[in-house]
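Undergrad: Before I ask anything, here is the structure I am working with.
Just so it is clear, none of the values below were taken in a lab; they were calculated from the coordinates. Bear in mind that the values here come from a model prediction, so they are computed numbers and not experimental data. Positions of Cβ are generated from backbone atoms using ideal geometry, with glycine treated the same way; all protein chains shown enter the neighbour counts.
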């Protein structure tokens, strides 16, 4: 049996982590609630209304994830970050 590569391990880790994010859970729950209201209860208007929520949850989640990554990049590239370390190494050569 073949072993997984580092890229495959990283992909699996990201998938496992992202499947438990609150905004993913909220989006899935709202889809299920929408189907329940639409098909089981017969309340089509409520089902359609709740069915509009998942894109909003996912948009908020995407925004927060991008903000987190942007802050991490700012810290890495800011004062005392990676770029300054590389510049010091080059100057000390």
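Undergrad: Per 0.36 nm of contour for each residue apart, how much would the distance between residue 5 and residue 90 grow if the chain were fully extended, relative to their Cα-Cα spacing? Could the numbers behind the result be given before it?
TA: Details: separation 85, 0.36 × 85 = 30.60 nm, distance 3.35 nm.
Once the chain is fully extended between residue 5 and residue 90, it gains 27.2 nm.
Undergrad: Still on this structure: If r is the Cβ-Cβ distance from residue 75 to residue 13 and R0 is 30 Å, what FRET efficiency results, to the nearest 0.05? Intermediate values should be presented prior to the final figure.
TA: Numbers: r = 22 Å, r/R0 = 0.74.
It comes out at approximately 0.85.
Undergrad: Calculated from DSSP H runs of 4 or more alone, at -39500 (n - 2.57) each and per residue, what is the 222 nm mean residue ellipticity of the chain, nearest 500?
TA: Rounded to the nearest 500, the figure is -24500 deg cm²/dmol.
Undergrad: Calculate how large, on average over all directions, the projected area of the Cα convex hull of the chain is; give the answer in nm² to one decimal.
TA: 10.7 nm²
Undergrad: Subtract the Cα-Cα distance of residue 33 and residue 52 from 0.36 nm times their separation in residues, and report this length gain in nm to one decimal. Show your work: numbers first, answer last.
TA: Numbers: separation 19, 0.36 × 19 = 6.84 nm, distance 1.12 nm.
The span from residue 33 to residue 52 would gain 5.7 nm if fully extended.
Undergrad: Can you compute the modelled spin-label distance between residue 63 and residue 43, with each label point 7 Å from Cα toward Cβ, in nm?
TA: Label-label distance for residue 63 and residue 43, simple model: 2.7 nm.
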